[in-house]
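As structure tokens, the structure follows; a few thoughts come after it.
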Amino acid sequence: MKRFYFLSFIFVITLLASNTSADLISSESFDYSSGIEIKTLGGGVGWSQDWNGDSEPRVADSGLTYFDTAGNELIVSGNAARGSVSDGKKVERDLSVVATTVWTSVLINGKNGSGVANFSFDQKLFIGQGHGDIAGTTWTMYDQDGLVRNSNQAVDSDTVLLVSLIEFSSGDERAWFWINPSLDAEPSKSSSINGALGDSVKEFEISKAQVWVGGSDAIVDEIRIGTTFADVTPFIAIPEPSCFALAMFGILGLIARSRNKNR
């Protein structure tokens, strides 16, 4: 009987299990006390230095969330980075990335209309709303020479998940980004904002990461850097209806057996 209970429990937990990856290069969920300056803080994983920079952004009082169209939920924790002044401010942090294929993900709730809410590497590749402290109105990718790709999707009050892929080579790099992709499978390059071939971005190396915000509506959260799509998009899967029904049947079976035993 005990073995039956144990196997049933394992079966139900397996159906509801999350999909995670442990091969992150770096991550930051801003799991700090709300209201304090982010510069000098040193949480997260895989960084070689604490945050430093401007007195903005500060830690928000809650973090952002994301569900894809199938209902799968991105795993999140902690709070977020939030701006409170109108002009763009930044914090930055050192890291070391030697991989030739790098995936990143970041949750952003941009400023409705024109604003600053973006993430960058070495102030040479920018993804989000605006680039650096320059405001924008759509979700874009910039490199150090200027605009790489404009999604033409206006920033509104909704949180978006921005996922990017960078392939490094001996010359200029190639890059792709996606807005609100499904979490349960790596997206095709052809489904990216950049198209199947991607875009050329001026040669750079990843040694620092920056968060830029401007305005009280601008929030950046859940930065992840890894070598695969799965690394940067851990999620809790929503079971298929048939699987959920099977799980409920197993739970009801446990209840019935327990009642029969106690009679």
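We did not get these values from a lab; they are worked out from the coordinates using the rules stated. Not measured: the values here are computed from a predicted model. Every residue, glycine among them, receives a Cβ derived from its backbone with ideal geometry; neighbour counts consider all protein chains shown.
General observations
- Whole-angstrom gap from region 23-37 to region 177-206, using each part's C-alpha centre: 25 Å
- Label-point separation, Ser170 to Leu197 (7 Å along Cα→Cβ), nm: 2.1 nm
- Hull-based mean projected area of region 75-130, where the convex hull spans the alpha carbons, in square nanometres: 5.3 nm²
- Relative packing of peptides 225-234, 176-185, 35-44 - highest average C-beta neighbours within 10 Å first: 225-234, 176-185, 35-44
- Gained length - Ile36 relative to Ser207, 0.36 nm times residue gap less alpha-carbon distance: 59.0 nm
- Computed across region 21-235, the Kirkwood radius stands at 16.7 Å (inverse of mean 1/r, all Cα pairs).
- FRET efficiency, Ala154 to Ser188 (Cβ-Cβ, R0 22 Å, nearest 0.05): 0.35
- Cross-link pairs beyond the 22 Å C-alpha cut-off, checked among Lys111/Lys202; Lys90/Lys208; Lys111/Lys189; Lys89/Lys202; Lys89/Lys111; Lys111/Lys208: Lys111/Lys202; Lys111/Lys189; Lys89/Lys202; Lys111/Lys208
- Taking Lys and Arg as +1 and Asp and Glu as -1, the other residues whose beta-carbon sits under 10 Å from that of Asn180 total -2.
- Förster-model FRET efficiency, 25 Å R0, Gln123 and Thr69, C-beta, rounded to 0.05: 0.15
- Computed FRET value (nearest 0.05) for Gln144 with Thr101, which takes r as the C-beta separation and R₀ as 25 Å: 0.75
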